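Just below is one structure, and these are the notes that go with it.
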Amino acid sequence: MEKIAFNFNKRTALVTGGAQGFGLDIAKRFLKSGAKVIIWDIDSEMLKKAIKNINDPNLTSNIIDVSNYKEVESCINDITKNSNIDILINNAGITGPTMALWEYDIEMWKKVVDINLMGTFNCCRAIVPNMIKNNYGRIVNVASVAGKDGNANASAYSVGKAGAIGLTKSLGKELANKNIAVNAITPAGAKTRILDQMTKEHVQRMLSKVPRGRFLEVEEFTSLVCWLSSEENTFSTAAVFDISGGRSTY
């Protein structure tokens, strides 16, 4: 299938969790569409590999822990000295272990929520002032159907993603009188390395809930991200866009 062309010329996009999976595919599509792209990831080896494989002068990277606000703020301040950030894709996330809530390690539970929810908050808090100053911005928060439905044995992940959905609705309304759109996407399971963090039983249970009968393809997800990140999206904000193969219908 031929991909729809998007125009991101003269735009700078920041993609968190950009060294692999959804984030890397989004970065590649943005680059092909004319954007300058900055990818953040905590995995230095994956970042080096991504930069080397893509080999594009318009691609740069930073090793960042999005759950650490001081790291996020410092890097954003450095970037915005010389460039605006027009597009933010909050994609960084982890699933955490698959286990019942009453057995969940407390520190691990906090870590999952810190990355999936606080990481999204930290990036938005640091970047939004630059978007307000320039009266332009597109923010896409990568949530999950788990944040809408709740997944058994994945309470921390479900809570973090539900929080990201609530954040999206609130921030989208706060910025609705400006040329800044804030939306969330709730994908079902996709063929990325995040599946490796789950048990086979949990993965199969997820797949059984999808009427399409298959996992989401990364390219399908990227296409939706691109539209929400483009100038064509002039009206939708504070919304949640489902891409779950029919699993969630609300």
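Where residues in region 218-246 are of a type in the set (A, V, I, L, M) and modelled with pLDDT of 95 or more, which of them is farthest from LYS3 (Cα to Cα)?
ALA238
Consider ALA162 carefully, then state whether it is at pLDDT 90 or above and out of contact with any strand residue (DSSP E or B) (no Cβ under 7 Å at 6 or more places or on another chain).
yes
Among the candidates ASN90, ASN141, ASN82, which residue alone is out of contact with any Leu (no Cβ under 8 Å at 6 or more places or on another chain) and touching a residue at least 12 places away in the same chain (Cβ under 8 Å)?
None of the other options fit; the residue is ASN90.
Quick one: SER170 ticks every box in (1) within 21 Å of GLY23 (Cβ to Cβ); (2) in a helix (DSSP H, G or I) bar one, so which box is it?
(1)
Suppose the filter is more than 29 Å from ASN151 (Cβ to Cβ), among the basic types (Lys, Arg) and at pLDDT 95 or above; does LYS81 pass it?
Against the criterion (more than 29 Å from ASN151 (Cβ to Cβ), among the basic types (Lys, Arg) and at pLDDT 95 or above), LYS81 qualifies.
If you scan region 97-108, which residues turn out to be in contact (Cβ under 8 Å) with a residue 12 or more places away in the chain and either part of a helix (DSSP H, G or I) or within 19 Å of PHE121 (Cα to Cα) (or both)?
LEU101, MET108
Out of VAL142, VAL113, report the one residue that is under 29 Å from VAL210 (Cβ atoms) and in contact with a helix residue (DSSP H, G or I) (Cβ under 6 Å, 6 or more places away or on another chain).
Among VAL142, VAL113, only VAL113 is under 29 Å from VAL210 (Cβ atoms) and in contact with a helix residue (DSSP H, G or I) (Cβ under 6 Å, 6 or more places away or on another chain).
Residues being outside any helix (DSSP H, G or I) and free of Cβ contacts under 8 Å to residues at least 40 places away in the same chain: count how many of those fall in region 1-53.
Summing the residues that are outside any helix (DSSP H, G or I) and free of Cβ contacts under 8 Å to residues at least 40 places away in the same chain in region 1-53 gives 9.
Restricting attention to region 42-60, does a residue exist that is closer than 22 Å to ASN134 by Cβ, under 17 Å from the mean Cα position of the chain (by Cα) and either hydroxyl-bearing (Ser, Thr, Tyr) or surrounded by 21 or more Cβ atoms within 10 Å (Cβ to Cβ) (or both)?
Checked against the condition, which is being closer than 22 Å to ASN134 by Cβ, under 17 Å from the mean Cα position of the chain (by Cα) and either hydroxyl-bearing (Ser, Thr, Tyr) or surrounded by 21 or more Cβ atoms within 10 Å (Cβ to Cβ) (or both), region 42-60 yields no hits at all.
Among the residues of region 147-157, which ones are part of a helix (DSSP H, G or I) and touching a Lys or Arg at 6+ places or on another chain (Cβ under 9 Å)?
GLY147, LYS148, ASP149, ALA156
In region 5-64, what count of residues is obtained for those that are closer than 23 Å to ASN77 by Cα, in contact with a Ser or Thr (Cβ under 6 Å, 6 or more places away or on another chain) and of a type in the set (Phe, Trp, Tyr)?
Count: 2.
Across region 109-146, which residue is nearest to PRO187 (Cα to Cα) among those that are β-branched (Val, Ile, Thr) and not in a helix (DSSP H, G or I)?
The residue in question is VAL142.
The values are calculated or read from the model by the stated rules, or taken from the named source; none is laboratory data. Since we're looking at a predicted model, the values are computed, not measured. Glycine gets a Cβ as well: all are built from the backbone with ideal geometry, and neighbour counts include every protein chain shown.
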